[in-house]
Structure formats: C-alpha cells, structure tokens
Amino acid sequence: MVLGVGLKPNKGVESVVDMLKLSKTPDQFLLEAHPKLRPVDMATEGIYIAGCCASPKDITDSIAQGKAAASGSLVYFVLGKAKIEPAICEINEELCIGCGRCEDACPFGALALDEVRHVMTVNEAVCKGCGGCNAICPSGAATMKHYRDRQVYAQIEALTQIGSANAS
C-alpha cells in the first residue's frame, strides 16, 4: 500500500486568478473549459493550463498537458493575431451613466470605467459575449453586438404564436 500525499493549489495562484478572472473548481484548482474535449484550455481564450494547477497529476500527464498547452499557444504566434467573439458587449456612451454595475457583473473583467469621460469601456479581446452586462445595465447602454433585444422579442413572439396555434 502506498499512501498518497494530499495536494492543494499554490497560494500564489490567487493573484493570477484575480488578475485574469479565471474560474476555479470547488477544491480551488483552476477549472478547464471542458475536462475531456478541452482539458488544457481555460474558458478565457488564449489561456492554457497544464499539470497540477488543474488537479493532482502524475509526471506523464503533466508533460502531455504541457505539450498540448504549448501547441495551443503556438497558434497565436503563427497567426500573429487572435480570434475574438463577434457577439460582444458594446456601450452606448450617450446612454451610459457610469454606475459601474456592468463592470462588477462581468466575469471576464472586460469592462472598465473611463474616469475622464465617466463611461464604461469594453476590452473587446477579453469580452466573451456572456450578456451579463446587458442584463444588469440600468440605463440600457450595454448591448450585445450582432444580438439585439428586438431579436429576442421576435423569437419570443414567434414561439408564443406557435404555441397558441398548437393549442387551437
């Protein structure tokens, strides 16, 4: 019988988690995008994890993940640019009241208050189009590019018409 020693994440990882707005598992390890399909990718595009930062692993698995993470990051060096999500937040500066509620709601840290103009700004490379800012914005200044409220209302209306037609 071999007794395994308990492993927990390094205390220094908290500063990286806070800075990059990364997700963690309940046991405080970094959370990959998908354990089987994307085991070295984070939900934030362009950030990769390998080895024991995701969970306790042996040397063989850590090396394999390190190679996969290095391969994934090479795409950015070869292309010289990264793909960004087309449906991202945009702020209507005329409507923005600079309350900061959307900044607090953004899980990716893509929004920041411009202290001079007192309006929110969007880091488009970081925004993943989750819509949290859109839902919480009291002035309606935060919207999603290529995905408007009127489109959602049209879908709801179409569904209710189908539902009422089926009920007849």
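Determine which member of the set Leu95, Leu79 is exposed (fewer than 15 other Cβ atoms within 10 Å of the Cβ) and free of Cβ contacts under 8 Å to residues at least 12 places away in the same chain.
Answer to the selection: Leu79.
Identify the single condition in (1) at positive phi; (2) surrounded by fewer than 16 Cβ atoms within 10 Å (Cβ to Cβ); (3) not aromatic (Phe, Trp, Tyr) that Gly51 does not satisfy, given that it satisfies every other one.
All conditions pass for Gly51, except number (2).
Yes/no matrix, rows are residues, columns are (1) among the aromatic types (Phe, Trp, Tyr); (2) in contact with a helix residue (DSSP H, G or I) (Cβ under 8 Å, 6 or more places away or on another chain):
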| site | (1), (2) |
| --- | --- |
| Glu14 | no, no |
| Phe29 | yes, yes |
| Ile47 | no, yes |
| Ala50 | no, yes |
| Cys53 | no, yes |
| Thr60 | no, no |
| Ser73 | no, no |
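Just to be sure I understand, how many residues within region 25-48 are free of Cβ contacts under 8 Å to residues at least 60 places away in the same chain and under 24 Å from Tyr76 (Cβ atoms)?
Of the residues in region 25-48, 16 are free of Cβ contacts under 8 Å to residues at least 60 places away in the same chain and under 24 Å from Tyr76 (Cβ atoms).
So is Gly46 assigned by TED's automatic domain parsing to the domain that holds Val116, surrounded by 11 or more Cβ atoms within 10 Å (Cβ to Cβ) and within 30 Å of Leu113 (Cβ to Cβ) or not?
No, not satisfied.
Can you work out which of the residues in region 1-48 that are of a type in the set (A, V, I, L, M) and in contact with a Gly (Cβ under 9 Å, 6 or more places away or on another chain) is farthest from Cys106 (Cα to Cα)?
Out of the qualifying residues, it is Val40.
Condition (residue is of a type in the set (S, T, N, Q) and in contact with a Leu (Cβ under 6 Å, 6 or more places away or on another chain)) applied to region 100-122: is it met by at least one residue?
There is no residue in region 100-122 that is of a type in the set (S, T, N, Q) and in contact with a Leu (Cβ under 6 Å, 6 or more places away or on another chain).
Those residues that are among the hydroxyl-bearing types (Ser, Thr, Tyr) and in a loop (DSSP other than H, G, I, E, B), I need them from region 55-114; list them, please.
Across region 55-114, the qualifying residue is only Ser55.
The values are calculated or read from the model by the stated rules, or taken from the named source; none is laboratory data. Treat the numbers as computed from the prediction; the structure is a model and nothing was measured. FYI the Cβ positions are ideal-geometry reconstructions off the backbone, even for glycines, and counts take in every protein chain you see.
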